[in-house]
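The values are calculated or read from the model by the stated rules, or taken from the named source; none is laboratory data. Everything numeric in this text was worked out from a predicted model, so none of it was measured. All Cβ positions, glycine included, derive from the backbone under ideal geometry; neighbour counts span all protein chains shown.
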């Protein structure tokens, strides 16, 4: 069944948005290949003691402390006016970073 894209009105076969207007595709294009600058990452990881700051369900802190598995997450994304200052960052392991990005996108 043909229907109009909810954003631009282009006729599409399925879904709610055409490929150019799809919010998920736009987010992936905006963040693809972007990494936090090394200085930002270093400051955030040092401040956080080189450990993931996420809390587990039992209230304890995530035990991941392998530098290769840690990432600096922007609390306020650069695309929304955030900056690369340590106060705008938190150290998260790869797993918790993925969850934080998903939750930010879906408004959880």
Residue 91 fails exactly one of (1) outside any strand (DSSP E or B); (2) in contact with a strand residue (DSSP E or B) (Cβ under 7 Å, 6 or more places away or on another chain), namely (1)
Look through region 55-72, keep the residues that are in contact with a helix residue (DSSP H, G or I) (Cβ under 8 Å, 6 or more places away or on another chain) and within 14 Å of residue 42 (Cα to Cα), and return whichever of them is modelled with the lowest pLDDT. 67
Selection count, region 66-88, where residues are in contact with a strand residue (DSSP E or B) (Cβ under 9 Å, 6 or more places away or on another chain), free of Cβ contacts under 8 Å to residues at least 40 places away in the same chain and part of a loop (DSSP other than H, G, I, E, B): 4
